[in-house]
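Presented below is the structure to which this report refers.
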Amino acid sequence: MLRRLSLAYGVLSGTFRVRFIPLFVVWLYGGLRAWVFVAQALDNLVFPALGRTKVERPIVIVGNPRTGTTFLHRFLVENRFGSGMHLYRSLYPSIVLQKVLRPFLPLLEKVSPARFHKSAAHETDLSSVETDDVSVFFRYFDGFFLYGFFLAWDPEDRFPMFDPNVRDTTARDFDWLEAAWRRSLVAQGSDRIVAKLFSTGPRTPAFLKRFPDAHILYMVRDPVDVIPSTFSLVTGVLDKAFGYSTLPADVRDRYNERLYVALVDLFRRFHADWTSGRIDRSRVMVVSYDRMMQDFDGLMAEMIPFFDMHPTEAQLAAIRKTAHEQRAYQSKHTYKLEKYGLDADRIRRDCAFVYETWLTPAAPPVSAGSAESA
């Protein structure tokens, strides 16, 4: 962890010219970890149900960012198909600590990193249900977010640090997620987790081996929409926090290329496991973004049996209402490929396997697009 902290500080001080605030943040991070350690020990005393609670039949949403993962995640949680990890539960992964801090969440929002997100791209706050990758990031200062937001800026290519074929943190990460999910189940009085994990895509066979009763939803959307929308989200955060648009063009170009390669790799690794037979397809349902927008009720009619669930009348009413809203939805999130040095033809060539397997025929060229939270 010390090496990753040192590398991140090198990026913040050398690339973004932010030298003193990160030192203060590291001090706060160390203090938070100490408090979490003590509070988690108390959890076992105050909540004996933790010892009896198991993570069973988790519903896990997987896919590249901007494929509709957040929309589906929040719909399933809000309508009680299971419970999800709110951002504050990932930041403060102790039931005791969560109960102490929850009244102060409005105050903590003022220093929360969520404030840097553009609402048109991805609306969030400490009380929002969020991706479970955040929990791994704050626990180990590692993973998907560390590379995408920070270490992809390093003068040296740090991608091998996050390649599971080079440095495999699977067992560590899954151990932590299981522990965090058990706490979330007890805290929310639930018996089933609904999670969203971008980082599980390249590790789906390992995830299914660890959680053999999991139900995985793999989200697919046209890469020509997905990739620039992801760039818009990530660079929007970086612009608000560090002034992305003011950095030298060559530095931005290097970062953009690395982020692009990583996003294509997320598609490629899941696809390789899917087509090679390493993924048990009976445990995975591929979900089309376009169908989710235009035929949500029909999609849910197939999804619910996949979950082994019987919907309530309230859930069926929510599905009908949402289906109507989805068909009429118009996102306010706009973006242009050219801003990030992206080319639609290159994306189609590099992601030809996505179209051939799930999205044939490819969509026509576009200069701008829109997406909901993902």
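The values are calculated or read from the model by the stated rules, or taken from the named source; none is laboratory data. Source: prediction; values computed, not measured. Cβ: placed from backbone, ideal geometry, glycine included. Neighbour counts: every protein chain shown.
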| query | Which of (1) surrounded by fewer than 22 Cβ atoms within 10 Å (Cβ to Cβ); (2) of a type outside the set (S, T, N, Q); (3) over 23 Å from VAL46 (Cβ atoms) does VAL60 not meet, given it meets every other one? | reply | (1)
| How many of the residues making up the stretch 45-77 are closer than 22 Å to ASP290 by Cα and either in a helix (DSSP H, G or I) or over 12 Å from the mean Cα position of the chain (by Cα) (or both)? | 10
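Count, please, the residues in the stretch 153-169 that happen to be surrounded by fewer than 17 Cβ atoms within 10 Å (Cβ to Cβ) and of a type outside the set (D, E, K, R).
Going through the stretch 153-169, the residues surrounded by fewer than 17 Cβ atoms within 10 Å (Cβ to Cβ) turn out to be 155-157, 159-160, 163-168.
In the following step, the residues that additionally are of a type outside the set (D, E, K, R) were identified as 155, 159-160, 164-166.
Residues that pass the stated criteria total 6.
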| remark: Scanning the stretch 159-199 residue by residue, the ones that are within 16 Å of the chain's Cα centre (by Cα), under 19 Å from GLN98 (Cα atoms) and part of a loop (DSSP other than H, G, I, E, B) total 0
| said: Pairs needed: first member in the stretch 1-12, more than 15 Å from PHE138 (Cα to Cα); second member anywhere, in a helix (DSSP H, G or I); C-beta distance under 8 Å; at least 6 residues apart or different chains. | reply: LEU7/LEU151; TYR9/PRO22; TYR9/LEU23; TYR9/VAL26; VAL11/LEU151; VAL11/TRP153; LEU12/PRO22; LEU12/PHE242
| Test result for GLY341, under 17 Å from LEU217 (Cβ atoms), surrounded by fewer than 17 Cβ atoms within 10 Å (Cβ to Cβ), at pLDDT 85 or above and not hydroxyl-bearing (Ser, Thr, Tyr) | no
| said: Report every pair of residues separated by at least 6 positions or lying on different chains whose Cβ atoms are under 6 Å apart, first residue within the stretch 272-294 and assigned to a helix (DSSP H, G or I), second of a type in the set (S, T, N, Q) and at pLDDT 95 or above. | reply: ASP273/THR204
| said: Quick check on my filter: what residues within the stretch 284-322 are touching a helix residue (DSSP H, G or I) at 6+ places or on another chain (Cβ under 7 Å) and over 23 Å from THR67 (Cβ atoms)? | reply: PRO311, ARG320
| query | How many residues are at pLDDT below 90 and either touching a Leu at 6+ places or on another chain (Cβ under 9 Å) or not in a loop (DSSP other than H, G, I, E, B) (or both) when one looks only at the stretch 93-122? | reply | 20
| request: Inspect the stretch 20-29 for any residue being outside any helix (DSSP H, G or I), touching a helix residue (DSSP H, G or I) at 6+ places or on another chain (Cβ under 7 Å) and surrounded by 15 or more Cβ atoms within 10 Å (Cβ to Cβ) and give the result as yes or no. | output: no
| Among the listed residues ALA206, ALA179, ALA195, which satisfies the condition of being on the phi < 0 side of the Ramachandran plot and touching a strand residue (DSSP E or B) at 6+ places or on another chain (Cβ under 9 Å)? | ALA195
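What do you reckon, is GLY51 surrounded by fewer than 18 Cβ atoms within 10 Å (Cβ to Cβ) and not aliphatic (A, V, I, L, M)?
So GLY51 fits the description; yes.
Just checking, does the stretch 229-236 include any residue being surrounded by fewer than 16 Cβ atoms within 10 Å (Cβ to Cβ) and assigned to a helix (DSSP H, G or I)?
The initial filter retains those residues of the stretch 229-236 that are surrounded by fewer than 16 Cβ atoms within 10 Å (Cβ to Cβ), namely none.
Within the stretch 229-236, not a single residue is surrounded by fewer than 16 Cβ atoms within 10 Å (Cβ to Cβ) and assigned to a helix (DSSP H, G or I).
Yes/no per residue for (1) within 22 Å of ASP253 (Cβ to Cβ); (2) modelled with pLDDT of 95 or more; (3) in contact with a helix residue (DSSP H, G or I) (Cβ under 6 Å, 6 or more places away or on another chain):
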| site | (1), (2), (3) |
| --- | --- |
| PHE149 | yes, no, no |
| ASN165 | no, no, no |
| ILE193 | no, yes, yes |
| PHE207 | no, yes, yes |
| TYR218 | no, yes, no |
| SER232 | yes, no, no |
| the stretch 340-360, residues that are touching a residue at least 40 places away in the same chain (Cβ under 8 Å) and closer than 15 Å to PRO228 by Cα | TYR340, GLY341, LEU342, ALA344, ILE347, ARG348, ASP350, CYS351
